[in-house]
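What follows is a set of notes on a single structure, which appears directly below.
Every read-out reported here was derived from the displayed coordinates using simple, explicitly stated rules and does not represent laboratory data. Keep in mind it's a predicted model, so treat the numbers as computed, not measured. Positions of Cβ are generated from backbone atoms using ideal geometry, with glycine treated the same way; all protein chains shown enter the neighbour counts.
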Amino acid sequence: MNYLYAAYVATWVIHGTYLAILVRKYSKIRRETESLKK
Amino acid sequence: MKRGFSILAIVTALLLSFALYEALIAAPTERTMGDVQRIFYYHVPSAWTAFVLFLINFVASVVFLIRRDTKADILALVTAEVGVVFCTVVLATGPIWARPVWGIWWTWDLRLTLTLVLWLIYVSYLVLRRFSASSQTPVLAAVLAIFGALDVPLVYFSIWFFRTQHPSPVIGGGGSLDPRMAHVLLINWAAFLCLAWLVCWTRYRLEVVEREVEEAQALESLLEDSR
């Protein structure tokens, strides 16, 4: 049962990490857009 | 556009929750492996989703090489990136499933090795796109993607034509899968395809805006230099 949960948790950790990278990228682009507007 | 995205996000969330319930609770328990076999409902759909994304990447790369279309170039980049994420899930869940069933985490079996090679090819593709500043980078990346895509059928058919440790295909390969298990498998695949579509859509928009910002920054620095 531990292996089953480990696999499911690993899957969502991988997807979550990628989504976190996308959110960071979005924040960076937003900052750059703001500085361009100034 | 915004409404379509919201609808897709809601459908994906509902489908993923339902698919998780089906995989962990509703699906029948396999007789020999027991509950650990339920890893199958994440491992296999992730692999199929990665294959679909790499196939789109292949088509987009060919279109880019023929027409030099920026949209095709962005689509190729986005599908490769999301495909690598799904392929990483396959490479993570595979050993976790192999350990209790085969007694080992990893073996240099043909299918496992080819999957690792596939992952390495697309990681190289992303590294090339990230760190090369040459104007020829999209062309080189498209050529690499076409070679990378050749590995997809090799991975898929390796268990048809060679004796490997990996089990036979469950659908269309002579394997017998309980219809209820096949149903849960397809629900999970549909959920992962929706997730892939949603993430690709987000990443595509992000890439378009990022390129626009880079162009604006370049223009701004040119204007500053000329002053």
Degrees, to the nearest 10: B:110-131 long Cα axis against longest axis of chain B: 20 degrees
Projected label distance in nm at B:L150 and B:W106, using a 7 Å step from Cα toward the beta-carbon: 2.5 nm
Folded to 0 to 90 degrees: helix B:137-149 orientation relative to chain B principal axis, Cα: 20 degrees
Candidates B:I187, B:I104, B:I159: whichever shows maximal mean-square fluctuation once chain B is modelled as a Gaussian network with Cα springs under 10 Å: B:I104
Listed residues B:R203, B:R211, B:R111, most fluctuating in chain B (Gaussian network, C-alpha, under 10 Å): B:R211
Using θ = phi - 60° and Karplus 6.51 cos²θ - 1.76 cosθ + 1.60, couplings along segment A:12-21 (whole Hz; Gly, Pro as x): 6, 5, 5, 5, x, 4, 5, 4, 5, 4
Theoretical ellipticity at 222 nm over chain B - DSSP helices of four or more residues, -39500 (n - 2.57) apiece, nearest 500: -27500 deg cm²/dmol
Phi-based couplings in Hz for segment B:190-203 (Karplus 6.51, -1.76, 1.60; Gly and Pro marked x): 4, 5, 5, 5, 5, 4, 4, 4, 4, 5, 4, 4, 4, 5
Derived scalar couplings ³J(HN,Hα) [segment B:156-163; Karplus, 6.51 cos²θ - 1.76 cosθ + 1.60; whole Hz; x for Gly, Pro]: 5, 8, 4, 7, 8, 9, 10, 7
Virtual spin-label span in nm between B:L222 and B:S135, 7 Å along Cα→Cβ: 1.2 nm
